[in-house]
Amino acid sequence: MKKIFLGALCITATLVASEFKSGLKELDGKTDLQAYKTFFQLAKSGDVDSQTLLGEMYLDGIGTDIDIKKAFFWISKAASTGDAQAQYLLAFMYENGIKVAVNIPRAVTLYKKAALQGDILSQYNLAMIYKEGKGGVKKDMKQAFKWLANVQANKEKLIYQARAD
């Protein structure tokens with residue numbers, strides 16, 4: 001799970017607002033605890049990207065103890081604003097029963113919201129759910145191929161962004 005969330009963290013870092021970027025720059029050379037404290041303050045002040053990242057920190061125990069309840073709180077808060085990364089993470093939690101009962105239809109709803117904003121991980125997970133017909137979602141190869149085509153198209157953007165940073 002940590003690799004998935006750390007990968008998502010890398011994507012988050014490329015899509016952030018200037019205040020969040022300033023917070024990232026301040027962290028250069030700081031400890032995980034100092035990073036946690038910085039992002040906690042930014043999250044409390046309403047910075048959505050920091051709320052998402054703070055939720056991830058609680059999920060993985062980075063700079064703080066693992067606390068799934070707090071992770072769910074912060075990720076839900078950010079997802080409710082329309083943040084694609086938070087929607088992906090919340091969908092992942094619903095798909096895999098992390099803090100909540102497994103709810104594939106709810107995960108699909110959240111994945112679609114994030115996928116329509118270009119979130120490549122959401123697009124991929126949607127494709128797999130439709131390919132497998134997972135959790136009461138009807139198997140639909142047309143939808144699976146549609147979302148895989150989006151993954152293919154967006155992976156080039158993702159590679160370009162990673163090289164630019």
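The values are calculated or read from the model by the stated rules, or taken from the named source; none is laboratory data. As the structure is a prediction and not an experimental result, all values here were calculated from the model. FYI the Cβ positions are ideal-geometry reconstructions off the backbone, even for glycines, and counts take in every protein chain you see.
Descriptive notes on the structure:
- For Tyr130, the conditions (1) assigned to a helix (DSSP H, G or I); (2) free of Cβ contacts under 8 Å to residues at least 12 places away in the same chain all hold with the exception of (2).
- When the test is whether a residue is surrounded by fewer than 17 Cβ atoms within 10 Å (Cβ to Cβ), in a helix (DSSP H, G or I) and without any contact (Cβ under 8 Å) to a residue 12 or more places away in the chain, Ala149 passes it.
- Subset of the stretch 29-46 (residues that are surrounded by fewer than 14 Cβ atoms within 10 Å (Cβ to Cβ) and of a type in the set (A, V, I, L, M, F, W, C)): Leu33
- Members of the stretch 90-123 found to be of a type in the set (Lys, Arg) and touching a helix residue (DSSP H, G or I) at 6+ places or on another chain (Cβ under 6 Å), listed by number: Lys99, Arg106, Lys113
- Extreme residue, farthest from the chain's Cα centre (by Cα), among residues of the stretch 61-100 that are surrounded by fewer than 23 Cβ atoms within 10 Å (Cβ to Cβ) and of a type in the set (Asp, Glu): Asp65
- For the stretch 134-165, filtering for residues that are modelled with pLDDT of 95 or more and touching a Gly at 6+ places or on another chain (Cβ under 7 Å) leaves 1.
- When each of Asn103, Asn125 is tested for being surrounded by 15 or more Cβ atoms within 10 Å (Cβ to Cβ), among the polar types (S, T, N, Q) and within 22 Å of Asp60 (Cβ to Cβ), the lone residue that passes is Asn125.
- Sole residue being modelled with pLDDT of 95 or more, basic (Lys, Arg) and closer than 25 Å to Tyr36 by Cα, chosen from Lys112, Lys131, Lys77: Lys77
- Among the residues of the stretch 47-55, not a single one is buried (at least 19 other Cβ atoms within 10 Å of the Cβ) and at pLDDT below 90.
- Filter pass, Glu56 being assigned to a helix (DSSP H, G or I), free of Cβ contacts under 8 Å to residues at least 12 places away in the same chain and not hydroxyl-bearing (Ser, Thr, Tyr): no
- Conditions (1) in a helix (DSSP H, G or I); (2) within 24 Å of Lys112 (Cα to Cα); (3) at pLDDT below 90: number failed by Val16: (1)
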